[in-house]
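Here is the structure we will look at.
The values are calculated or read from the model by the stated rules, or taken from the named source; none is laboratory data. Computed from a predicted structure; not experimentally measured. Heads up, the Cβs are rebuilt from the backbone with ideal geometry, glycines too, and the neighbour counts pull from every protein chain shown.
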Amino acid sequence: MSGWRVIVAAILLWLRGDRRNPQPPEPVDPRERRVPFNARAQLLVAALLALAGLAGFAFATLYLISPAHETQWLGLALGVAFALLAAALIVAGKAIVPQEVAVEERSQLVHEQAEQEVPQLIAEGAEGVTRRGLLASGAAVAGLGVGAALVAPAASLGPNVSRRIDDTPWRRGVRVVDERGRPLRADDVEQGTFVTGFPEGASLRDLAAPIVIVRLPPSTIHLPDGRDPADWAPEGLLAYSKICTHAGCAIGLYRYPSFRATQQRPALVCPCHYSTFDPARGADVIFGPAGRPLPQLPLMIDPSTRELRANGGYSASIGPSWLNVDRGGA
Amino acid sequence: MSAARPARRDGAPPPGRDTVRWIDERAGASPALKKALRYVFPEHWSFMLGEIALYAFVILVGTGTFLALFFESSTADTTYHGSYAPLAGERMSLAYASTLRLSQDVPGGLLLRQTHHWAALVFVAAIVAHLLRVFFTAAFRKPRDVTWTIGVTLLMLAVLEGFAGYSMPDDLLSGMGLAIAYGVAMSLPVIGGNAAFLIWGGEYPGTHDFTTRLLTLHVFVLPALIALLIAFHLAGVIRTHHTQFPGPGRTQRNVVGAPLWPSYALRTLGLLSATAAALFLLGGLVQINPIWQWGPYEPYLSTNGAQPDWFLGWLIGGLRLMPPLEIHFFGLTWVPNPFWGGAWFPLAVFATLYAIPWLDRRLTRDRARHELLDRPRDNPQRTALGMAFFSWVALVFFAGSADRVLIRFGIPYESQIWFARGAIFVVPVIAYALTLRICRELQRSDAHPLRGWSGRRIVRTRAGGFAVVEPDAAIRPRRPTGR
């Protein structure tokens, strides 16, 4: 016999194990009633109840009088009060009151007589009705119409998605500022750091507003076709939407190698689900669940002030994907 | 006064009869009261898990009512001037500021807020433990299949309610959670964009209406639904009574145990007090969700190692494990990626849970009414399939903590996720085979691994060989000896 057959047979045998029939229960009457007459337990319960009361008073006093309102002391007092109460109740339940094992018969669930009568009663309600089909169609129309009327107000909960979602405050020439509204200059972004920028004058809460800006050696940058580095990455400065294209979290992490020979390439990482994007290659997804790259924002550097400005709009829709999302050719 | 049973003088009415008469004259309730006092509870520690969930809910309602008296549900801007110095002068939403005030300046506010949060965690944990107990003892079978369905719905509502509550203070963590929820809503095939816009009132982070909706959902709609379903769930329990484990005198027709009055009533009130004690001690002594350390939320902010409440961990894990698959053709994105981990996965889990009574009926071809429980070993196939399913969910859950493992132990997240992506296919198979084997072995030996040692011993002989020593049934210890 070949080796694998032995192994398969062994696994099958091992899986099958043995079966043994359970023994039939013996007819026993389990009923019993025992009255403990336990004087010590009664003393203990009385003491526990009194202590629980004391702890409760301590909580109330602490709450009303103490100026500091120490959360720890309050929690301790209330917790101990309930713990003592619990101990008193459980000791009382187990050692003071009669201990009884009772037997209750389960109620009958099936009532054969009534089961026959109920459908009959319902059918009798339709006695004398001749045009059932017509009435049923009428009821169906009424149900659908009234149902639609009741559901329709839900439409006022929000606007239609396609009209608004792709508006962004970024236009060619808009200045890039930080979260306090101060303009960002090209030299504020060094290699190995990452900077969050916003369009000047826009709300910080707008999902389309925040961008991450990083600087990479121009020789390492390989943008997708149609993105000329002169227009999209001046001096190696790259800007991407800061909102992850997976589930909309902010891209809060920048993985930058401290020793290039052994460590991985620079990457923008979303801390929520670890979508990882390669900023040198148009924020291509190199790990994690995101289904498309981060949209890129083309940058330009003001020749006189060195301030950063947008050189146009995003390369694709920002934020999580949906039916009509613009994937920017990706 | 002696400690003897209460003396009753002949002819005198028993104390309290006037009260019962008063009720009877108005409600005719004395037969029902009599029946209630003699209502029998079978005794097993695992039957307490559902009660703990119930009592945690009681505490949630109590503490939550207190919190609602102080919380302002608004994202309107304000400048903080409270007593927490590190945030003085910061701009933040009213929701965040009022939660800060509640935590730092309202007497007892932090105790009740933390107790509320702990109670939410315990509520869901107790429901899950209760669900596992009911599954592995097959208590979900007819006539309790509908009660099971209500219970699964309660679990779903409890998770939603917990998420809504955790999203309200508008701190950094709650904002990150909501951003993900928005991403998942957007990812619903075809309807996603409009569904998300209807929920948020527009593009994320939404209009002011959204915070009002969250509040209405968390303090009114969901608690009312949960309370209603708890009532139905308990009505189902009372109508059919508890199940019971097989034992002397226990049959399919009866229920053997302690009557409600007096012993069981005292003990279950003791359990209520013990739950309250544990939650207030946790609320007072163990810090939870210190939102002043997270800071206010803005959509452009996020942090690494942020963990949501434990009962959302499986969704984070599901979202993380999914490879970057997005179905798009004809210029339309039909299935965006978050759908898989954030919608398909939980829907599949809940659909399986709902289907369990029907699946079990199909697989066992057993349609009878069951009042006696199975022990997990009694039906090895059910137990093994259950272990495979729950170990699959548990693995995804643990993958949700990849960020903590990265921060704590420095294990790269890529390796962890690749490992988990493989393990979710392998581990359920191993869990299935191992459970099947253990169940069959326990069936064969009729041993109680938790009650005493009953295995064989391998002894080294003087000659250097090994011998198997069969345990002698007569001298086998019933309880573990103090070795």
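Out of region A:244-271, which residues are more than 12 Å from every other protein chain (Cβ to nearest Cβ) and either more than 16 Å from A:I286 (Cβ to Cβ) or within 17 Å of the chain's Cα centre (by Cα) (or both)? The answer is A:S258, A:F259, A:R260, A:A261, A:T262.
Given A:A239, A:A208, A:A233, which one is over 34 Å from the mean Cα position of the chain (by Cα), buried (at least 23 other Cβ atoms within 10 Å of the Cβ) and not hydroxyl-bearing (S, T, Y)? Residue meeting the stated conditions: A:A233. Screening A:V101, A:V174, A:V195, A:V129 for residues that are of a type in the set (V, I, T), loosely packed, with under 10 Cβ neighbours inside 10 Å and at negative phi leaves exactly one candidate, A:V129. Restricting the first member to region B:160-174 and to residues that are surrounded by 23 or more Cβ atoms within 10 Å (Cβ to Cβ), and the second to residues that are among the charged types (D, E, K, R) and at pLDDT below 95, the beta-carbon pairs closer than 7 Å and six or more apart or on different chains are B:G162/B:D309. For region B:250-264, the candidate set comprises residues that are surrounded by fewer than 19 Cβ atoms within 10 Å (Cβ to Cβ) and in contact with a helix residue (DSSP H, G or I) (Cβ under 8 Å, 6 or more places away or on another chain); within that set, the residue that is nearest to the other protein chains (Cβ to nearest Cβ) is B:P262.
Just to be sure, is B:V405 surrounded by fewer than 16 Cβ atoms within 10 Å (Cβ to Cβ) and hydrophobic (A, V, I, L, M, F, W, C)? No, not satisfied. Inspect region A:121-136 for any residue being free of Cβ contacts under 8 Å to residues at least 12 places away in the same chain, touching a strand residue (DSSP E or B) at 6+ places or on another chain (Cβ under 9 Å) and not in a loop (DSSP other than H, G, I, E, B) and give the result as yes or no. Checking region A:121-136: not a single residue is free of Cβ contacts under 8 Å to residues at least 12 places away in the same chain, touching a strand residue (DSSP E or B) at 6+ places or on another chain (Cβ under 9 Å) and not in a loop (DSSP other than H, G, I, E, B). Across region A:64-111, the number of residues qualifying as under 18 Å from A:G53 (Cα atoms) and either facing chain B (nearest Cβ under 7 Å) or touching a residue at least 12 places away in the same chain (Cβ under 8 Å) (or both) comes to 19.
Here B:W118 meets the list (1) crowded, with 20+ Cβ neighbours inside 10 Å; (2) touching a Phe, Trp or Tyr at 6+ places or on another chain (Cβ under 6 Å); (3) of a type in the set (F, W, Y) almost entirely, failing just condition (2).
Determine whether region A:60-67 contains at least one residue that is of a type in the set (G, A, S) and either at positive phi or surrounded by 16 or more Cβ atoms within 10 Å (Cβ to Cβ) (or both). So far as region A:60-67 goes, no, none of its residues is of a type in the set (G, A, S) and either at positive phi or surrounded by 16 or more Cβ atoms within 10 Å (Cβ to Cβ) (or both).
Total residues in region A:109-126 satisfying the condition of being exposed (fewer than 10 other Cβ atoms within 10 Å of the Cβ) and under 45 Å from the mean Cα position of the chain (by Cα): the figure is 1. Residue pairs whose Cβ atoms lie under 7 Å apart, sitting 6 or more positions apart in sequence or on different chains, and linking a residue in region B:266-288 that is without any contact (Cβ under 8 Å) to a residue 60 or more places away in the chain to a partner that is outside any loop (DSSP other than H, G, I, E, B) and among the aromatic types (F, W, Y), are B:S273/A:F82; B:A277/A:F82.
Residues of region B:265-289 that are surrounded by fewer than 18 Cβ atoms within 10 Å (Cβ to Cβ) and not in a helix (DSSP H, G or I): B:V286, B:Q287, B:I288. The strands (runs of 3 or more DSSP E) falling completely within region A:224-330 that include 1 or more residues that are free of Cβ contacts under 8 Å to residues at least 24 places away in the same chain map to A:253-255, A:267-269, A:276-278, A:284-287. The residues in region A:195-207 that are under 15 Å from A:R175 (Cα atoms) and not in a strand (DSSP E or B) can be counted, and the count is 5. Would you confirm, using the coordinates I've provided, whether B:W294 is on the phi < 0 side of the Ramachandran plot, surrounded by fewer than 20 Cβ atoms within 10 Å (Cβ to Cβ), in contact with a helix residue (DSSP H, G or I) (Cβ under 7 Å, 6 or more places away or on another chain) and more than 7 Å from every other protein chain (Cβ to nearest Cβ)? Yes: the conditions hold for B:W294. Put simply, of A:V141, A:V214 the only residue that is more than 13 Å from chain B (Cβ to nearest Cβ), part of a helix (DSSP H, G or I) and either among the β-branched types (V, I, T) or buried (at least 20 other Cβ atoms within 10 Å of the Cβ) (or both) is A:V141. Among helices (runs of 4 or more DSSP H) entirely within region B:366-467, having at least 3 residues that are in contact (Cβ under 8 Å) with a residue 12 or more places away in the chain, out of contact with any His (no Cβ under 7 Å at 6 or more places or on another chain) and away from chain A (no Cβ under 12 Å) singles out B:380-399, B:413-445. Name the residues in region A:149-193 that are within 11 Å of another protein chain (Cβ to nearest Cβ), in a helix (DSSP H, G or I) and of a type outside the set (V, I, T), would you? A:A154, A:A155, A:S156, A:L157, A:S162, A:R163, A:R164 - these are the residues of region A:149-193 that are within 11 Å of another protein chain (Cβ to nearest Cβ), in a helix (DSSP H, G or I) and of a type outside the set (V, I, T). In summary, B:G247 fulfils each of the numbered conditions (1) over 20 Å from the mean Cα position of the chain (by Cα); (2) more than 13 Å from chain A (Cβ to nearest Cβ) with the single exception of condition (2).
Residue pairs whose Cβ atoms lie under 8 Å apart, sitting 6 or more positions apart in sequence or on different chains, and linking a residue in region B:328-339 that is more than 7 Å from chain A (Cβ to nearest Cβ) to a partner that is polar (S, T, N, Q), are B:V335/B:S187; B:F339/B:S187. The set of residues in region B:430-474 being hydrophobic (A, V, I, L, M, F, W, C), modelled with pLDDT of 80 or more and surrounded by 10 or more Cβ atoms within 10 Å (Cβ to Cβ) consists of B:I430, B:A431, B:A433, B:L434, B:L436, B:I438, B:C439, B:L442, B:V459, B:A467. Of everything in region B:398-428 that is over 25 Å from the mean Cα position of the chain (by Cα) and of a type in the set (V, I, T), the residue that is nearest to A:H273 (Cα to Cα) is B:I417.
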